[in-house]
Each structure stands twice: as structure tokens, then as C-alpha cells.
1. Is there any pair linking a residue in region 34-45 that is more than 13 Å from Gly19 (Cβ to Cβ) to one that is open to solvent by less than 30 Å² (accessible area, probe 1.4 Å), with Cβ under 6 Å and at least six apart or on different chains, and which?
2. Quick check: anything in region 241-263 without any contact (Cβ under 8 Å) to a residue 24 or more places away in the chain, among the aliphatic types (A, V, I, L, M) and farther than 24 Å from Ser21 by Cα?
3. Looking at region 247-268 only, could you name the residues that are part of a loop (DSSP other than H, G, I, E, B), among the hydroxyl-bearing types (Ser, Thr, Tyr) and surrounded by 10 or more Cβ atoms within 10 Å (Cβ to Cβ)?
4. When region 1-32 is examined, which residues are found to be of a type outside the set (Val, Ile, Thr), open to solvent by 10 Å² or more (accessible area, probe 1.4 Å) and within 18 Å of Asp63 (Cα to Cα)?
5. Kindly provide the set of residues from region 186-207 that are open to solvent by 60 Å² or more (accessible area, probe 1.4 Å), under 17 Å from Gly248 (Cα atoms) and of a type outside the set (Asp, Glu), ordered by number.
6. May I ask you to verify whether Gly177 is part of a helix (DSSP H, G or I), open to solvent by less than 60 Å² (accessible area, probe 1.4 Å) and either in contact (Cβ under 8 Å) with a residue 12 or more places away in the chain or under 30 Å from Ala27 (Cβ atoms) (or both)?
7. Looking only at region 217-241, filter to residues that are open to solvent by 30 Å² or more (accessible area, probe 1.4 Å) and in contact with a Ser or Thr (Cβ under 6 Å, 6 or more places away or on another chain); which one of those is nearest to Lys180 (Cα to Cα)?
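The values are calculated or read from the model by the stated rules, or taken from the named source; none is laboratory data. The structure displayed is predicted, hence computed values, not measured ones. Cβ placement follows ideal geometry from the backbone for every residue including glycine, while neighbour counts extend to all protein chains displayed. Ligands, DNA and RNA are stripped out before the accessible areas are found, and what is left, the full protein with its side chains, is counted by its heavy atoms. Shrake-Rupley method; radii C 1.70, N 1.55, O 1.52, S 1.80 Å.
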Amino acid sequence: MGRVQGKVALVTGGASGIGLSAASLMAREGAKVVIADYNVDAAKEAADIIKSQGGEAVGLFLDASQEDSIKEAVDYTVAEYKTLSVLFNNVGVTNLQKDLDVVHIDLDEWDRLMIVNTKSVLLGSRFAIPHMIEAGGGSIINTASMAAFAGDSVRSAYGASKAAVVNLTRYIAEQYGKDKIRCNAVAPGLILTPAAEKNMPAAVLDIFGKFNALPYHGEADDIGYTVLFLASDESKFITGQTIQVEGGHYMSNPSIVDFNQYMAQARS
């Protein structure tokens, strides 16, 4: 207990999935948490649950596509708790119907994803950093994705937006490190959030599982605990990094699975 005792954390997209896990874990470990989400009812409900468990949290509305809304969330956090120690830029969207290959992608969708997935990280950091400097330092954590490191047949905008987050993380770390502000990112692979479990057919999950090095899928807490570590002073000498939390899905030669199957058939 107490890994982030006394810290104040703003979690965007914190009402469900990865954001909720991170918010809940940080509150359990002593942080005061502001949960900001477009689904304000869910954000407030999450905060109420945290408070019922002995933590400190509030929920508020956030539209990550709007600069004023992001600034208001940061300003509210500082007004409520007098400081800001941790910013978890976690909002992200994707759309498999519109975010296609580069010839067929909906260009309005490209713009939307760049605003929500990347510009929101820039703006959240932009508004939080002056408060962190005043407080003597802080930790910014950004949600990237393994899509930033691998090509795909679709989701061109999503992959590009997350690749931008990875490099923006390095830039923030370099520019504000001397102010004792650390900036890192976490890149999830397939994570079985409630939304993923609801929307992904079993056959798709089986395909992903086939290529994992580990014999199971990731869960929201696998990312939440990584965020907790990056928020805590345990990671005080880590900055500019993107931690890939993906069960070894992307680390091997992509032909390994098929090659192993071929060899097994050849021996039989």
C-alpha cells in the first residue's frame, strides 16, 4: 500500500477498461484521482465505487476533441486538490468501418483520430506541465498501442496517431526532464477489456492467442499496474520510454507459428 501516497492523478478516459483499472489501482495505493470521461455518469459512478472502498476520487466530463474541455479538466484537478502529480493521457478511439487502407480511408476520420488520439495528449500535457513544474515535478503517462510498431491492412489513422504518441512522449521527456517531469508511454496489445470481450468474436481471440508467446490474453489490470509503476517513484529514473505490454505477440518472427506447425506435421 501507499505506492503513490499523496499524489494527485488525472486520468482521461478513466470510466472503463484500462483507464478505470489505472484510476482504481492508483486510488488504492494512496493517490487522489480525477476520472475524466465523455461518459460522465460512468465517471461519477467509478469515483463513487472508489470512495466506497476508502479511496479519494471524483468524476467529471471530458471531451478529448475539445481544447477547452481538456484545460477545464486540468484546472478542475488543481482547484480541487491544489496540485497535479500524475497525468494519464488515456483517451483513444478507433473505427474499423472508416479507418481503412490509405486509398479508401475516410479523411474526416483521419482528422478525428489525430485530434482525439494525439492532439489530446499534446493538450493534456501542455496544460498539466506548468502545474507540475510548480509542484516540483510529475509523471505523464500516455497510452500508445502496439499498432504504432507494426503495419496492418486497416486502421491506418489509428496506427499513425499512436506512432505519433510514442515520439511525442520522447519529446516531452526531453523538453521537461530538467524540471523533474517524466514522460513515458504504455503500448498495449490485445487487452480483454469489457468492450473487447463484448465485441470480439471468439475466432478472432483465438487468432490473437495463436501468436501470443504467453498462453493467455492481457487484462486491463496488466496495463493498470504498468501505469501505477510509471506513476510511482519506483520508476523515477525512467523517462521517454514506451513499455510494450502485449504478451510477446509481436516479438517473434511472424512465420514461427506456421513453421512450427509444418515441422510438427513433418515429424508425424
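1. Between residues of region 34-45 that are more than 13 Å from Gly19 (Cβ to Cβ) and residues that are open to solvent by less than 30 Å² (accessible area, probe 1.4 Å), the close pairs are Lys44/Gly59.
2. Scanning region 241-263 turns up at least one residue that is without any contact (Cβ under 8 Å) to a residue 24 or more places away in the chain, among the aliphatic types (A, V, I, L, M) and farther than 24 Å from Ser21 by Cα.
3. Those that are part of a loop (DSSP other than H, G, I, E, B), among the hydroxyl-bearing types (Ser, Thr, Tyr) and surrounded by 10 or more Cβ atoms within 10 Å (Cβ to Cβ): Tyr250, Ser252.
4. If the condition is that a residue be of a type outside the set (Val, Ile, Thr), open to solvent by 10 Å² or more (accessible area, probe 1.4 Å) and within 18 Å of Asp63 (Cα to Cα), then Gly13, Ala15, Ser16, Gly17, Leu20 are the ones that fit.
5. Result: Ile207, single match.
6. Yes: the conditions hold for Gly177.
7. The selected residue is Phe229.
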